[in-house]
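Scroll down for the structure; my scribbles are underneath it.
The values are calculated or read from the model by the stated rules, or taken from the named source; none is laboratory data. The structure presented is a predicted model; accordingly, all values stated were derived computationally and were not measured. Counting neighbours? That spans all protein chains shown, and the Cβs are built from the backbone with ideal geometry, glycine included. For accessibility, only protein heavy atoms count, side chains too; no ligands or nucleic acids. Shrake-Rupley method; radii C 1.70, N 1.55, O 1.52, S 1.80 Å.
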Amino acid sequence: MDKIKTEILVIGGGASGLSAGISATRNGAKVIIVDREEKLGGILKQCIHNGFGLKYYKKEMTGPEYANNLIVEAKSLNIPILMQTSVTKVTKMQNGSFKVKVVSPNGLKEIIAKAVILAMGCRERTAASISLGGTRPVGVISAGSAQKMINVYGQMIGKNVVIVGSGDVGLIMARRLYFEGANVIGVYEINSIPSGLNRNIVQCLNDYNIPLHLSETVVEVLGKDRVSGVVVAKVNPDFSFDLKTRRVIPCDTILLSVGLVPETDLVSNDIVINKLTSGAVVDDNYQTSTSGLFSCGNVLHVHDIVDDVTMESIDAGKCAALFVKNKLTEGKKFKVLTGNLVRYSVPSYAEGGQGFLNVKFRVSGVKKDCFITARLADGTVIAKRPAKIVLPAQMEQVVIDKSKIVGDLTISVEDN
Amino acid sequence: MEKVFDYEVGIIGAGIVGAFTFDTLVTNGVKTCLCEAGEDVSLGASKANSAIIHAGYDPIPGSNMARLNVKGNKMYEEVAERLGEKLLKCGSIVVADETGLDGIKELYERGLANGVSGLKILNKEELHALEPNLNDNLCYGLLAKTAKVVSPYNFTISLCEEAIINGGTLKLDYPVDKLEFKNGGWKVSSGKNSFTCHYLVNCAGAGCDKINELAGAEKLNLTYTLGEYILLDKSEHGLVNRPIFPMPTKLGKGILVAPTVAGNIICGPTAKLIDKYSTRVTSEGVIEIREKTKNLVNGIDFRKAIKLYAGVRVKEGKDFILGFSKLVPNFYITAGICSPGLASAPAIADEILQNLQKCGVKTHKIAIKRRKPYINTQNLTEEEFAALIAKNPKFGKLICRCEGITEGEIEQVLKGVITPLTVEGIKRRLRATMGRCQGSFCLPMIIDIMAKYYKIDPSQVIIRGKTSLVTSRVKEAGIYSQKEEEEPKTNG
Ligand SMILES: Cc1cc2nc3c(=O)[nH]c(=O)nc-3n(C[C@H](O)[C@H](O)[C@H](O)COP(=O)(O)OP(=O)(O)OC[C@H]3O[C@@H](n4cnc5c(N)ncnc54)[C@H](O)[C@@H]3O)c2cc1C
Ligand SMILES: Cc1cc2nc3c(=O)[nH]c(=O)nc-3n(C[C@H](O)[C@H](O)[C@H](O)COP(=O)(O)OP(=O)(O)OC[C@H]3O[C@@H](n4cnc5c(N)ncnc54)[C@H](O)[C@@H]3O)c2cc1C
């Protein structure tokens, strides 16, 4: 079997893997990127709409354009890239290095790396994960698959479409299907607030008069061969269904946009997983519970916008480069805890010192005119910023001066 | 002069019973034709059940069920070996709380009466040592060492393939709609097509009443009991090591938690009498499964559910109905083959063979040509895998990431003995799209592979039945055509 040696192996060639690989290379490390698909870019390849890059490149692009920027940069740095190469196993060896097994049409290979960056992205939740019952006809498809069918394979997947869940991918697909001539009957969201970004509600639904039904969901799939309809019902505040409000809506296709889950399965038995994100527990260096194993992008936690993925992955790539040069300082780590209204935060551990720590988090409910704080255990505020509104749909960030981190800290949303 | 028929025996219905019968007859030198309404084999009860080869302690002593279950159980291992099918020799346990010892003893006695070996009553310690995740309230267990777990649809497919390799004929897409007894044999028609056979066996599962009616045989009164399931991700592997049953009731064996051959966990089935055959999963059913399994196993994580499904038990009275019709000649009925039908199927087939022999059907054991099991790259050593990719690089191209299925594996199945014409046919043979993402990554790729292989448009790639996912466009790209519509069209 072929053996390849490198300092850093990046698993995944999407926005995250490319950004991390570029950053690690710029920081002096020898890097290899592997991706199982035929082309680089990950999920961006199928996101042919625009709105990418405003934050990082200060320029509006489509998904493939955004990816292309990274691909051009990676190529200009001559980063070796192995395509159609799937990682099947990652093992930490006695000497601290990693043995990574890959399979490709060229055969099996073993890659030995001092550090590994996980950048495998995420997958979509399925009908079973929302306990969607009924029959099992053809025509129930996840929003991301529908996006791939239409944008990559050029195949249309339905005529009269109901969308379950108001995740961003579903909203984008509502508009896409409309463009392709489908009748998008409506988007049904179990929560009282949408789970996608407001800009997508406006630009993808409102602009095309596609109705959004909040606190209403699909409770049953109908149809024998092809989907023939759905049963929808209003949802009570305790999330039980108000069965009196049941009605049948005829349709031939059901798109599921009910959330994304990090694809950590490759390593989930070997590292500590955050139950709330399904991604790895990491410290402020994006290092997982296994030393030398780093994680960033959607495999760490689901991001709303790709610019944040790039910025996070640049940090992670740099840390991995420092690690392989034995220059990654690892002082005493303090816990980063979740306080009022904060559902999860990344990273879970951080140390004091120089520079800034960027904590990313999501809230569990809506709040207007509030403050985001980071406090030490004794109540000392070490970071505080006002927020007009916080929403579960939107990833929030708070920047903390590291010199102030002298103990465990808690991130909260507060009134004042 | 002896009358000439196309086949000596015709079988209607390619579920597990029809498949075992087909294989048994063919390998005993009987010219046999199996016909099936669906586009593939194993589309009825045999594709959605608990997949357990029961030990046989449950049926009433003296019943068909008791006799055939115990006998069938003993036959499975050899067949699995020959076909290259997976079989978990894990045993099973019926569990009971502190009030349930009498019930456990009763089952044990019934098992002995039925001739079941390998039964053992477990005390609390023994029980929890075998199954550490059981609910603490459970104090007694009946361990049945001979119980096994298989993949019922893979068994059905393999049996049919073996029969075909050895000279049997399979007719798919052949919904039988007319039966005539002529010249001492049966004419079996489906639309314009027909064949003749000397003897006919009804293995039509939920359709057995209709087949009896077409033949003019005994009237059957079928009842339907829905059984819903929740299937959990492979990440939950090891939650239980063998099927865990509650105490059986009049309604059935109860909602169980069991491993599958692929390493998933199933929870179910419910038992709800329905008036029409339908495999619809109800929200009440899902709730019932969640509630009831709590009493069996601790810490079942239903967030790891990857599929909800259901099967229908087709019953006629309390026992299997088996034997020649008393109203029409040369017509063998298998009806009401509910649980333990899977466990009993090889024994049912064996009895059919014996009964046909008694009628004078000539048989001789043939030297069975072995079926070549499909390559599963997951089961290969690294050397074998590398050699395979060197020969055909498509075996190195991963398509279904959750189950580790490559393009090479999909192509070999497309070239298989029974060519699957649907995505679901590929799924049942290989498990592609059956994993935790349920095909959200690989379905578009599989449709693409099939379109290229069959040289058809993706809109002609069938997912199941006659239905495709891809539809034609309603109109050309909307935004452009909308603009066009705004401009008034002048017609010349
Ligand atoms: C369907 C979808 C639509 C989205 N739409 C938008 C949008 O409109 N706007 C926006 O700003 N953000 C959007 N996002 C958010 C997302 O944050 C970014 O688009 C970003 O591209 C994610 O990058 P990533 O590299 O983390 O993951 P991905 O782009 O998913 O890349 C992961 C890569 O890793 C590869 N890989 C995984 N496992 C292995 C393995 N074992 N071996 C080898 N390779 C492997 C995969 O093939 C893939 O190429 C969307 C996300 C999804 C899932
Ligand atoms: C929820 C549930 C759980 C179960 N669990 C177990 C278990 O753990 N262990 C066990 O031993 N048993 C179990 N069983 C029972 C077992 O699944 C059945 O006994 C067995 O699958 C019946 O097989 P069959 O071949 O008789 O019927 P089927 O598999 O239903 O096959 C009948 C076939 O006949 C075809 N057909 C019908 N009409 C026509 C026609 N007119 N022309 C041509 N073809 C026709 C159908 O298309 C179908 O393919 C369970 C059943 C259910 C529903």
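Determine, yes or no, whether A:Ala127 is among the small types (Gly, Ala, Ser) and open to solvent by less than 20 Å² (accessible area, probe 1.4 Å).
Answer is no for this residue.
Looking at the stretch B:426-476 only, could you name the residues that are basic (Lys, Arg) and over 24 Å from the mean Cα position of the chain (by Cα)?
B:Lys452, B:Lys455, B:Arg473, B:Lys475
Return the residues of the stretch A:173-187 that are more than 22 Å from the chain's Cα centre (by Cα) and outside any helix (DSSP H, G or I); say none if nothing qualifies.
Once the filter is applied, which keeps residues that are more than 22 Å from the chain's Cα centre (by Cα) and outside any helix (DSSP H, G or I), the stretch A:173-187 yields A:Glu180, A:Gly181, A:Ala182, A:Asn183, A:Val184, A:Ile185, A:Gly186.
Specify the residue that is nearest to the chain's Cα centre (by Cα); the eligible residues are those in the stretch A:104-162 that are free of Cβ contacts under 8 Å to residues at least 24 places away in the same chain and not in a loop (DSSP other than H, G, I, E, B).
A:Ser145
Quick one: how many residues across the stretch A:275-300 are within 14 Å of another protein chain (Cβ to nearest Cβ) and more than 10 Å from ligand 1 (Cβ to nearest atom)?
4
Could you grab the pairs with beta carbons closer than 7 Å, sequence gap of 6+ or different chains, first residue in the stretch B:382-397 and at the interface with chain A (Cβ under 7 Å from one of its Cβ atoms), second one open to solvent by 60 Å² or more (accessible area, probe 1.4 Å) and among the aliphatic types (A, V, I, L, M)?
Note: pairs meeting the criteria are B:Glu382/A:Met1; B:Ala386/A:Met1.
Tell me the strands (runs of 3 or more DSSP E) entirely within the stretch B:201-311 that contain at least 1 residues that are away from every other protein chain (no Cβ under 11 Å) and of a type in the set (Phe, Trp, Tyr).
B:223-232
Kindly indicate the residue of the stretch B:37-51 that is within 6 Å of ligand 2 (Cβ to nearest atom) and open to solvent by 30 Å² or more (accessible area, probe 1.4 Å) and also nearest to B:Lys171 (Cα to Cα) among those meeting that condition.
B:Ala37
Name every residue in the stretch B:167-187 that is open to solvent by less than 10 Å² (accessible area, probe 1.4 Å) and touching a Leu at 6+ places or on another chain (Cβ under 6 Å), in order of residue number.
B:Trp186, the sole residue that qualifies.
Starting from the stretch B:461-472, take each residue that is at the interface with another protein chain (Cβ under 7 Å from one of its Cβ atoms) and list its partners that are assigned to a loop (DSSP other than H, G, I, E, B) and open to solvent by 40 Å² or more (accessible area, probe 1.4 Å), counting only C-beta distances under 7 angstrom and pairs at least six apart or across chains.
Short answer, once both residue conditions are applied: B:Gly465/A:Asp225; B:Lys466/A:Asp225; B:Thr467/A:Asp225; B:Thr471/A:Lys159.
Any residue in the stretch B:68-83 that's of a type in the set (Phe, Trp, Tyr): show its pairings with residues that are open to solvent by less than 10 Å² (accessible area, probe 1.4 Å) at Cβ separation under 6 Å, as long as the two are six or more apart or on different chains.
Every condition considered, the pairs that remain are B:Tyr76/B:Ile53.
Which residue pairs have Cβ atoms closer than 7 Å, lie 6 or more positions apart in sequence or on different chains, and pair a first residue in the stretch A:370-383 that is in a loop (DSSP other than H, G, I, E, B) with a second residue that is of a type in the set (Gly, Ala, Ser)?
Close Cβ pairs (under 7 Å, with a partner that is of a type in the set (Gly, Ala, Ser)) amount to A:Ala377/A:Gly407.
Quick test for you: out of A:Leu171, A:Leu205, pick the one residue that is closer than 26 Å to A:Gln394 by Cβ and without any contact (Cβ under 8 Å) to a residue 60 or more places away in the chain.
Checking each option against the conditions leaves just A:Leu205.
I'd like to verify a number: residues in the stretch B:416-448 that are of a type in the set (Gly, Ala, Ser) and within 11 Å of chain A (Cβ to nearest Cβ), how many?
Residues meeting the conditions: 3.
Kindly state which helices (runs of 4 or more DSSP H) lie completely within the stretch B:381-480 and contain at least 1 residues that are under 23 Å from B:Ser46 (Cα atoms).
The qualifying helices (runs of 4 or more DSSP H) are B:407-414, B:423-430.
Picking from A:Val261, A:Val281, A:Val306, A:Val267, which residue would you name as being open to solvent by 10 Å² or more (accessible area, probe 1.4 Å) and over 22 Å from A:Gly170 (Cβ atoms)?
Exactly one of A:Val261, A:Val281, A:Val306, A:Val267 is open to solvent by 10 Å² or more (accessible area, probe 1.4 Å) and over 22 Å from A:Gly170 (Cβ atoms), namely A:Val281.
Please determine, by comparing only the residues of the stretch A:85-96 that are more than 10 Å from ligand 1 (Cβ to nearest atom) and not β-branched (Val, Ile, Thr), which one is nearest to the other protein chains (Cβ to nearest Cβ).
A:Met93
So if I check each of B:Leu226, B:Leu214, B:Leu220, B:Leu239, which one is open to solvent by 10 Å² or more (accessible area, probe 1.4 Å), near ligand 2 (Cβ under 9 Å from one of its atoms) and out of contact with any Phe, Trp or Tyr (no Cβ under 8 Å at 6 or more places or on another chain)?
Criteria check complete, one pass: B:Leu214.
Name the residue, out of B:Thr156, B:Thr225, that is closer than 30 Å to A:Thr126 by Cβ, at pLDDT 95 or above, β-branched (Val, Ile, Thr) and in contact with a Lys or Arg (Cβ under 6 Å, 6 or more places away or on another chain).
B:Thr225
Checking the conditions here, which among B:Ala55, B:Ala14, B:Ala19 is in contact with an Asp or Glu (Cβ under 7 Å, 6 or more places away or on another chain), away from chain A (no Cβ under 14 Å), away from ligand 1 (no atom under 16 Å from the Cβ) and open to solvent by less than 10 Å² (accessible area, probe 1.4 Å)?
Testing whether each residue is in contact with an Asp or Glu (Cβ under 7 Å, 6 or more places away or on another chain), away from chain A (no Cβ under 14 Å), away from ligand 1 (no atom under 16 Å from the Cβ) and open to solvent by less than 10 Å² (accessible area, probe 1.4 Å) leaves just B:Ala14.
If you take just the strands (runs of 3 or more DSSP E) that sit entirely in the stretch B:67-150, which of them hold at least 1 residues that are open to solvent by 10 Å² or more (accessible area, probe 1.4 Å)?
Where strands (runs of 3 or more DSSP E) fall fully within the stretch B:67-150 and carry at least 1 residues being open to solvent by 10 Å² or more (accessible area, probe 1.4 Å), they are B:119-122, B:140-144, B:148-150.
Condition first: free of Cβ contacts under 8 Å to residues at least 40 places away in the same chain, open to solvent by 70 Å² or more (accessible area, probe 1.4 Å) and away from ligand 1 (no atom under 11 Å from the Cβ). Can you find one or more residues in the stretch A:76-84 that meet it?
The answer is yes, given that some residue of the stretch A:76-84 is free of Cβ contacts under 8 Å to residues at least 40 places away in the same chain, open to solvent by 70 Å² or more (accessible area, probe 1.4 Å) and away from ligand 1 (no atom under 11 Å from the Cβ).
Within the stretch B:200-209, does at least one residue satisfy the condition of being under 14 Å from B:Phe324 (Cα atoms) and more than 14 Å from ligand 2 (Cβ to nearest atom)?
Taking every residue of the stretch B:200-209 in turn, none turns out to be under 14 Å from B:Phe324 (Cα atoms) and more than 14 Å from ligand 2 (Cβ to nearest atom).
For the stretch A:191-221, what are the residues that are among the β-branched types (Val, Ile, Thr), away from every other protein chain (no Cβ under 13 Å) and crowded, with 19+ Cβ neighbours inside 10 Å?
Passing the criteria: only A:Ile201.
Sort out which residues of the stretch B:170-199 are assigned to a loop (DSSP other than H, G, I, E, B) and within 14 Å of ligand 2 (Cβ to nearest atom), and write them in order of number.
Residues satisfying the conditions are B:Leu172, B:Asp173, B:Tyr174, B:Pro175, B:Val176, B:Asp177, B:Gly191.
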